[in-house]
Structure formats: structure tokens, C-alpha cells
């Protein structure tokens, strides 16, 4: 009855996102999909998708969860009202947030 779901947006779904939007989005996904899971670019994309999908409010018995993470992410991107440029701007802001967090952690450790 239930599909294979994660607690948050899963890394394994990233390659599936490439054909949902336009060329700019496809290029972003292509560059991120081949990076390791702990790469800041991957983490930024995953955090962006967590926020867009509403993963923090997803319940295991909800309709969203029953459909699965991949289906939810694809539907979210199809329904996104902004342009690819809007998505990329959100991605860049999220990447800056991730990079800032890592810089703060490195500063605290040193």
C-alpha cells in the first residue's frame, strides 16, 4: 500500500527532476545529479525541494506520502507558478545559505 518514502527529500530522486521544467532547470539537475550526496550544491537542491514540497509537514498516512517522494516532487515542480529563473534564484539563495552554514561551522571548529 505504501511506497518507499524518506523522512525528507531523497537524494535518489534528483535525476528524475531533469525533464520537468525547462533547459535551465535541466542543466542545474544535470550538474547536481552527478555530485556526491554531501556536496553543498546537492544539499542546497535537497533543502530547496524540502521547502517546496513541504516535507516537514508530510505525514506517513497522508495522500502525498502514499504517492511517494518522487511523485510529490514532480508534481510540485509542475505546479510551481514561477519561471525556471525564479527556481534558480531560490536555489542560489539556498546554496548561499548552505555555504554560510558550513563557513560558520568551520570557523567555530578552528
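Below, the figures for the structure above:
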quantity	calculated
Members of the range 11-27 found to be in a loop (DSSP other than H, G, I, E, B), surrounded by fewer than 18 Cβ atoms within 10 Å (Cβ to Cβ) and in contact (Cβ under 8 Å) with a residue 60 or more places away in the chain, listed by number	22
Meets criteria (touching a helix residue (DSSP H, G or I) at 6+ places or on another chain (Cβ under 9 Å), modelled with pLDDT under 95 and under 20 Å from residue 8 (Cβ atoms)) for residue 41	no
Residue 64 vs. criteria at pLDDT below 95 and surrounded by 16 or more Cβ atoms within 10 Å (Cβ to Cβ)	yes
Residue among 30, 54 that alone is at pLDDT 95 or above and either out of contact with any strand residue (DSSP E or B) (no Cβ under 9 Å at 6 or more places or on another chain) or loosely packed, with under 13 Cβ neighbours inside 10 Å (or both)	30
Residue check for residue 88: in a helix (DSSP H, G or I), within 15 Å of residue 13 (Cα to Cα) and out of contact with any strand residue (DSSP E or B) (no Cβ under 8 Å at 6 or more places or on another chain)	no
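The values are calculated or read from the model by the stated rules, or taken from the named source; none is laboratory data. Please read these numbers as outputs of a predicted model, since none were measured by experiment. Neighbour counts run over all protein chains shown; Cβ positions are idealised from the backbone, glycine included.
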